[in-house]
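Below is one structure, written out as structure tokens; comments come after it.
All of the numbers you see were taken from the coordinates with simple rules; none came from a lab. Predicted, not measured: the structure shown is a model, and the values here were computed from it. Glycine gets a Cβ as well: all are built from the backbone with ideal geometry, and neighbour counts include every protein chain shown.
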Amino acid sequence: MISAEGLTEGTAVEVHSLRSSPQHNGKHGEVVRFNTTSGRWEVRLTSSGKVLALKPDNLTPLAVAPEPSSDDEEAMYGYSQKKIRRMHQEIIAILVSNTTAPNKLCLDPSGLVCKGKFGGISLFDGVLEDQVGFMDVILLRGIYTEHVLSHDSHDTFSSPNKENLVCTPADEFFFIVGKDGIDMEKWKLRAHAQPTLYADCLVEGRNAKTISELMKSEQCRRAGLRAEEMVALRLYTGMLLGSVLH
């Protein structure tokens with residue numbers, strides 16, 4: 001803990017000694033601003049996002065722990081964040097057939113298309129399940145359902161960096177795993193299945209390797225990836241998926 005005299009905007013605090021609203025005692029929050037009229041600090045609670053106007057005597061600043069160094073992270077977790085980022089980059093590299101930045105990833109600044117939209121407070125407060133549905137405990141079945149059984153799985157779309165290439169989410173899924181690449185009864189991946197190609201799918205920088213071939217790479221072994229995770233990497237770093245799927 002540090003002195004209550006050090007309150008500023010953004011300070012992490014703990015609420016205590018409230019008599020009229022004791023249910024908030026012990027909760028943590030962040031200082032938003034000081035109201036000079038009321039002489040109180042406005043604090044946004046971490047648990048609910050609710051903003052309370054509180055006296056300084058009811059707030060205890062929390063000491064902020066220093067960011068761990070790479071050595072500290074590696075000692076605790078086996079890998080530092082820097083090493084994890086590097087491994088991610090290496091994994092992406094094995095998904096393409098050349099050493100240059102592939103057009104399919106849309107990494108060329110001239111091909112980037114940035115589209116964003118700010119949602120309202122109701123969207124912010126909503127739970128993840130309301131937005132994307134409940135998570136399937138069987139990873140492969142969940143990926144299959146999203147790409148093949150959703151209401152828009154067979155609707156066509158084009159990637160911003162390959163506008164002439166027309167695709168569907170289902171086509172992309174079977175390009176990665178193959179039409180016979182899944183045992184539907186056991187929900188097991190047949191990693192040796194050949195990709196099912198569709199018209200003009202082999203854009204520049206893309207390969208048609210099987211999952212089993214990719215799993216043999218040194219980067220994959222070092223990262224300890226499961227075959228289902230490799231499927232996800234192929235799908236979500238492949239053609240840029242538009243609003244049809246997400």
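Annotations for the structure displayed:
- Sorting 38, 150, 217 from the fewest to the most surrounding beta carbons within 10 angstrom yields 38, 150, 217.
- For 209, 216, order by how many other beta-carbon atoms lie within 10 Å, fewest first: 216, 209
- Taking other C-beta atoms within 10 Å as the exposure proxy, 13, 31 rank 31, 13 from fewest upward.
- Debye-sum result for the range 4-61 in log10 I(q)/I(0), which assumes one identical scatterer on each alpha carbon, at q = 0.14, 0.16, 0.28, 0.31 Å⁻¹: -0.29, -0.39, -1.26, -1.51
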